[in-house]
Every structure is written in structure tokens, then in C-alpha cells.
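The values are calculated or read from the model by the stated rules, or taken from the named source; none is laboratory data. What you see is a predicted model, and the numbers here were worked out from it, not measured in a lab. Glycine also receives a Cβ, built like all others from the backbone with ideal geometry; neighbour counts cover every protein chain displayed.
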Amino acid sequence: MTGAACSAAVLVSGGGTNLQAFIDAVRGGRLDLTLCAVVSDNPDAKGLARARRAGLPAECVPRAEHAGAPPFEDALAERLARYRPDLLILAGFMRILSGGFVARYEGRILNIHPSLLPRFRGLNTHQRALDAGDRWHGCTVHFVTEQLDGGPRIAQARVPVLPDDTAPRLAARVLEMEHRIYPWAAGLVASGRVRYRDGAAWHDGEPLREPLLFEL
Ligand code: GRF
């Protein structure tokens, strides 16, 4: 699984701007990866329209038609299996995946979270960073485990919190960094430089004690 031989399915629920960053990075020759499919749990996800525009297979496994986690995840796994992805890239995918599902793709699921993990797992991260008076905020790319936002961290990008920041302004600056760091970090995994082993992230054969710092 290296380079363009590595195929990835991108899972989206909403706007899909991170998906767009992947599409642009692959097209621009900055990311050596094949995007084999885009799958959403939401039929109205703008990400599906972005996928179609880019000529990628766009699939929907509607959450409304599969009440409860097991039926939904079985349907998702079945749909994904058609494309045999090496990697799953969660890009604003608003479903928590069970341990059973994660085990099927152990060490091959990536997520981006809009905070400097382990700070602010879960939702409303930008407001929480403001409320806490943090001077730095940012985003983290990590391997997905069954622990919500708790899998081994691969890379982080930091964004300064400005005195007049509001949550939407801060979110917009973090999102801009997400679009840069996520394809970059996924490329490290696709090339085999970053791997998941024994519950940890490894970089060039060494365990990553701290996430790689992405700087412009
Ligand atoms: C991003 O902020 C990402 O960190 C979070 O969900 C948002 C997705 O945005 N997981 P988009 O759908 O990629 O525009």
C-alpha cells in the first residue's frame, strides 16, 4: 500500500471542504493517492456533489434507512468493500464508529479533529478554546480507534487565538489549516512513512511520542 497504489475512500456528512482539499491535492500532484470513492450517511451532503463533479464514485448509505449502529455499519462496510480501499479518510463524518467496525480497518482509518487533541474532544471545540482563554488552538490528524477522538495522533497544526476572535472566525482559520495538514498527513500514511502499530503511531520506524507539527 504505497503511493498511488494506495487507495482511499473518503467519508463525509456535510460540506466536504476537506474532501475538496484531497481532490485538489491529488489533481495538483501534491498527494500520491487514489481516491476510490466518497461515501456519505447524508443524501444531502454537499460532499457528494463535490465527488460527482470530480468524477469520483459518490455513494450514500442513508442514516435514516438504517436505524441503529449495527445495521448502518454493516451497510457501510458492504458498500466500502466494493471499492477495496486501503484507507478510510473521515472528513466531517458525523457518525461515531463502533469498535467492531474500527477493527475491520484497524490502523487504516484517519480522522481530523478541530482542536489540539487531547484538548477538547467532542463538539464545539472553537467556543471551548475561547471560553478556556487558550492562546493556541488548531487541528489534529489521528488514527481512529474506538475511543472517540482518542486514537494515536499523527500531526497537528496550531493557530493563534486572536484577542477579537469569535468561534466562527477561529473555526474558519482552523479549517484553512485542516485543508493543508490533512492531505499532507494522509500522504505520509499512504507512503508508509507513518504507520499504526501496537496501538501507536510510528514515523520512519520510530514511535511518535508527540504529533508531527505542521507549519506553513
Ligand atoms: C471539520 O472542521 C473537521 O475538523 C470536522 O468536521 C469539519 C468538516 O468540514 N471533523 P468539511 O465537511 O470538510 O467542510
Boolean, residue 158 is surrounded by fewer than 23 Cβ atoms within 10 Å (Cβ to Cβ), in a strand (DSSP E or B), within 16 Å of the ligand (Cβ to nearest atom) and not hydroxyl-bearing (Ser, Thr, Tyr): yes
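Which ranges mark the strands (runs of 3 or more DSSP E) fully within segment 19-104 that have 1 or more residues being in contact (Cβ under 8 Å) with a residue 60 or more places away in the chain and either closer than 28 Å to residue 196 by Cα or within 13 Å of the ligand (Cβ to nearest atom) (or both)?
In segment 19-104, 87-90 are the strands (runs of 3 or more DSSP E) which contain 1 or more residues that are in contact (Cβ under 8 Å) with a residue 60 or more places away in the chain and either closer than 28 Å to residue 196 by Cα or within 13 Å of the ligand (Cβ to nearest atom) (or both).
If only one of 213, 175, 188 is modelled with pLDDT of 95 or more and assigned to a strand (DSSP E or B), which one is it?
213
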Number of positions in segment 43-68 that are of a type outside the set (Asp, Glu) and under 14 Å from residue 14 (Cα atoms): 13
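Would you check which residues across segment 191-210 are touching a strand residue (DSSP E or B) at 6+ places or on another chain (Cβ under 7 Å) and either part of a strand (DSSP E or B) or in contact (Cβ under 8 Å) with a residue 12 or more places away in the chain (or both) and list them? Reasoning before the result, please.
Going residue by residue through segment 191-210, those that are touching a strand residue (DSSP E or B) at 6+ places or on another chain (Cβ under 7 Å) are 193-196, 200-203, 207-208.
Passing the criteria: 194, 195, 196, 200, 201, 202, 203, 207, 208.
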Residue list for segment 116-174, restricted to those being within 17 Å of the chain's Cα centre (by Cα), of a type in the set (Gly, Ala, Ser) and closer than 28 Å to residue 196 by Cβ: 122, 138, 150, 151, 155, 157
